[in-house]
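These notes concern the structure reproduced below.
The values are calculated or read from the model by the stated rules, or taken from the named source; none is laboratory data. Only a predicted model underlies this, so the values are computations on that prediction, with no experimental measurement involved. FYI the Cβ positions are ideal-geometry reconstructions off the backbone, even for glycines, and counts take in every protein chain you see. Each accessible area value is taken on the protein alone, full model and side chains, heavy atoms only, with ligands, DNA and RNA left out. Shrake-Rupley method; radii C 1.70, N 1.55, O 1.52, S 1.80 Å.
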Amino acid sequence: MTHQVHAFEPPERFVAGTVGPPGERTFFLQARGGGRLVSVALEKVQVSLLAEKLEELLTEAHRRFGVELPEAPTTLGDNDPLDTPVDEEFRVGTLGLAFDVDTATVVIEAIAAGEAEAEVELGGSDDDEDEDDDEPDDDLDRLRVRLTPQATREFIERARRVVNAGRPPCPLCGQPLDPAGHLCPRHNGYHR
């Protein structure tokens, strides 16, 4: 089976965004460039972790390689909705990050979910397996994006805004509050 590598080095636009109302949102990474538009679906927690790990990657690149870090944007950056049509190319199973010292760019790779992810989630891996088995299969679709540190910082800020734009958490249990309230375990199931 052939796989596709959707490479944007660099993209005209690379953002995290959602489709749907809070509580029913579907999260996407979307890259645009060269007349192409690629959208891949992922989980909210993946977007949150991606922003967190990108921040750590920039800090480490500054510490180890002396890369000049841009300041966090003080003005609201790209707040436009996702470009349409939002057609899901694949669902992301694995995210990979790297810093290319030669070009001083951040490389983000989103790899499609495959059978390997289901095996890992079920705890079906053996300790005797080779280290190479931890790598995602080469026959899975990928989205590869190369960003400057400034573009990475802008992506981080938008991703955090998108994640925080959901339903507010319950002050007692931390679960998301629906507009009609929710059954709070801290109140023994009474409506809150």
How do the strands (runs of 3 or more DSSP E) wholly within the stretch 1-41 filter down when requiring 1 or more residues that are in contact with a helix residue (DSSP H, G or I) (Cβ under 9 Å, 6 or more places away or on another chain): which remain? 13-19, 26-33
Among the residues of the stretch 74-89, is there at least one that is part of a strand (DSSP E or B) and either open to solvent by 40 Å² or more (accessible area, probe 1.4 Å) or in contact with a strand residue (DSSP E or B) (Cβ under 7 Å, 6 or more places away or on another chain) (or both)? yes
Of all the residues that make up the stretch 159-172, how many are modelled with pLDDT of 85 or more, open to solvent by less than 80 Å² (accessible area, probe 1.4 Å) and touching a helix residue (DSSP H, G or I) at 6+ places or on another chain (Cβ under 9 Å)? 3
Condition met for residue 50 (open to solvent by less than 70 Å² (accessible area, probe 1.4 Å), assigned to a helix (DSSP H, G or I), on the phi < 0 side of the Ramachandran plot and not polar (S, T, N, Q)): yes
Which numbered condition residue 58 misses (of (1) in a helix (DSSP H, G or I); (2) open to solvent by less than 40 Å² (accessible area, probe 1.4 Å); (3) without any contact (Cβ under 8 Å) to a residue 60 or more places away in the chain): (3)
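Being in contact (Cβ under 8 Å) with a residue 12 or more places away in the chain, touching a Lys or Arg at 6+ places or on another chain (Cβ under 7 Å) and open to solvent by less than 50 Å² (accessible area, probe 1.4 Å) narrows it down to one of 94, 105, so name that one.
The unique qualifying residue is 105.
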If you go through the stretch 7-47, how many residues are open to solvent by 10 Å² or more (accessible area, probe 1.4 Å) and among the hydroxyl-bearing types (Ser, Thr, Tyr)? 2
